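J.: This is the structure I have questions about; it appears just below.
Just so it is clear, none of the values below were taken in a lab; they were calculated from the coordinates. Being a predicted model, the structure only gives us computed values, none of them experimental. Because the Cβ atoms are built from the backbone with ideal geometry, glycine has one as well, and the counts that use them run over all protein chains shown.
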Amino acid sequence: MKDHMIKELAHYQKLFASLRTDKNKNRWAITTKHQAPHKPFLLLSILDQISSSNITKNFIEPSLNLIETFNNYWSLIMPIGSSASMSYPFYHLETSGFWHLVSTHGEQHQVGRTVSSVKRLLELYQGAKLDDDLFILLNNKEYRHDLRSILINHYFAPEIHQGLWDQATINKQSEAYYYNIMKHPEESSSMVAEAPSPIYQKVRDQGFRKAIVRLYEHRCAICGIRILTPEGHTVVEAAHIIPWSQTHNDSPQNGMSLCKLCHWSFDEGLMGVDLDYKVMVSPSVQKNNNFSGHMQMLSDREIFKPDENKYWPKQENFDHHRQEVYRKT
Ligand SMILES: [Zn+2]
């Protein structure tokens, strides 16, 4: 059995090291060895999802979770402002020899299509299966580690290897952090690491963000806007009511999902939330001939809250904001 596995591992090491990628010196930087990083990023994301038990059977769906993990890798390495659609590697991995697309009902699989958006991908495919032997290997921690190092060493420059290993750690630990704060929303103080490190900071950020954005289903609690593109880009951010630096409180009861304008306005004290969970707009917004029409419309409107009240923002935290941050005049 062991011999068989080792033979299989060698087979997939070879396939992982010979993915077909776009090679172009002008298009791709030295950090990705002048190659398109889409396929390695997707495979790294799949390894992470298996590692945190989000993928437990041999069927890979283009889920929002997978897309977000892919986007995290992308923004870690690639130039600021650039983005890519996970649909490209998801479709084109079929040339790898271990990736088998599963069509949606009534759709025939065709080779050589252009699938340039997640929306299109979802119209055509339910997901993909890996070779069963490969999936078994990937469920073993050591083999998974081995195949991850093939991807990292083969497709990325040495100076970013550590960053990629760290991102894998962050992805795994932030899942655990997320489950923990969802399970104990009443705990006001978050779990502070024994030795706070830059990695731990990212674990917290990513875990808190996941909890808040999911609880509010990507909707801004104050103005109600919800824009989530199929590529996983969202208008909202996870906001703390009392800043993390003051109380180290990552409970959902100290958070809200807010769009960029509402987040900024809330932090600046231009908006607040009253005892009945209604929006307060500071009188200071109306000064200086300001055309603040849309902000004024939000005044006295109830904020959007998660379904379960154990996740609602705590009045105690809003009270702190009303006293310390909100501009009364
Ligand atoms: Zn908003």
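J.: Could you work out the relative contact order of the stretch 169-255? I mean the mean sequence separation of Cα pairs under 8 Å and 6+ apart, divided by the number of residues, in percent.
T.: 37
J.: For the chain, what D do you get in µm² per second when you plug the Kirkwood radius from alpha-carbon pairs into Stokes-Einstein at 20 °C and 1.002 mPa s? Before the final figure, lay out each step's value.
T.: On the way: Rh = 22.0 Å.
Taking Rh from Cα pairs, D becomes 97 µm²/s.
J.: Here's another thing I want to ask about it. Looking at the chain as a GNM with Cα springs under 10 Å, which of S45, S284, S299 has the largest mean-square fluctuation?
T.: S284
J.: Moving to a separate point now. When the C-alpha atoms of the stretch 1-116 are aligned to their principal axes, what extent does each axis show, in angstrom, from largest down?
T.: Ordered largest first, the stretch 1-116 gives principal extents of 46, 39, 30 Å.
J.: Do the sum for the chain: with -39,500 (n - 2.57) for every DSSP H run of n ≥ 4, divided by all residues, what is the mean residue ellipticity at 222 nm, to the nearest 500 deg cm²/dmol?
T.: My calculation for the chain gives -13500 deg cm²/dmol from helical runs alone.
J.: For the stretch 40-99, which chymotrypsin sites (Phe, Trp or Tyr not before Pro) pass both filters: DSSP loop (anything but H, G, I, E, B) and at most 14 other C-beta atoms within 10 Å? Present the calculation step by step, with values, prior to reporting the outcome.
T.: Numbers: sites: F41, F59, F70, Y73, W74, F90, Y91, F98, W99; in loops: F59, F98.
In loop regions of the stretch 40-99 (DSSP not H, G, I, E or B), the sparsely surrounded chymotrypsin sites (Phe, Trp or Tyr not before Pro) are F59.
J.: Cross-link candidates for K310: which lysines have Cα within less than 21 Å, leaving aside residues fewer than 8 places away along the same chain?
T.: K183, K210, K278
J.: Is any residue of the stretch 5-24 close enough, with backbone N under 16 Å, to a label point placed 7 angstrom from the Cα of V111 along the Cα-Cβ axis, and if so, which?
T.: Only 20 pass the distance filter.
J.: Can you pull out the trypsin sites (Lys or Arg not before Pro) in the stretch 1-63 whose DSSP state is coil and whose Cβ has at most 16 other Cβ atoms within 10 Å? Write out the running numbers ahead of the final one.
T.: Working: sites: K2, K7, K14, R20, K23, K25, R27, K33, K57; in loops: R20, K25, R27, K33, K57.
Sites meeting the loop and neighbour criteria: R20, K25, R27, K33, K57.
J.: For H100 and E187, what is the calculated FRET efficiency with R₀ set at 56 Å and r taken between the beta-carbons, to the nearest 0.05?
T.: On the way: r = 44 Å, r/R0 = 0.79.
Using R0 = 56 Å, I get an efficiency of 0.80.
J.: Next question. Grab the Cα-Cα distance for Q286 and K14, subtract it from 0.36 nm times how many residues apart they are, and report the gain in nm with one decimal.
T.: Answer, rounded to one decimal: 91.4 nm.
J.: Further question: For the stretch 24-146, with only Lys/Arg (+1) and Asp/Glu (-1) charged at the beta-carbon, what is the dipole magnitude about the Cα centre, in debye rounded to 20?
T.: Dipole about the Cα centre, nearest 20: 460 debye.
J.: Follow-up. For labels at S197 and Q323 in the simple 7 Å Cα→Cβ model, what's the distance in nm?
T.: So the label points at S197 and Q323 sit 3.8 nm apart.
J.: Anyone know which of V236, V102, V213 comes out most mobile in the 10 Å Cα GNM of the chain?
T.: Ranking V236, V102, V213 by mean-square fluctuation puts V102 first.
J.: Restricting the calculation to Cα positions, tell me the Rg (one decimal) and the Dmax (whole number) of the stretch 173-324 in Å.
T.: 15.6, 51
J.: Quote to one decimal, in nm, the extra length available between E123 and D205 on full extension: 0.36 nm per residue of separation minus the C-alpha distance between them.
T.: Working: separation 82, 0.36 × 82 = 29.52 nm, distance 3.30 nm.
So the extension gain works out to 26.2 nm.
J.: Pick out, in residue order, every one of the GluC sites (Glu not before Pro) in the stretch 105-178 that is DSSP loop and has at most 15 other C-beta atoms within 10 Å; say none if there are none.
T.: Of the GluC sites (Glu not before Pro), the ones in loops of the stretch 105-178 whose Cβ has at most 15 other Cβ atoms within 10 Å are E107.
J.: Tally Lys/Arg at +1 and Asp/Glu at -1 over every other residue whose Cβ is under 15 Å from the Cβ of S284; what's the total?
T.: For residues surrounding S284, the net value is +2.
J.: When the chain is treated as a GNM, springs tying every alpha-carbon pair under 10 Å, which of E61, E308, E217 comes out with the largest mean-square fluctuation?
T.: E308
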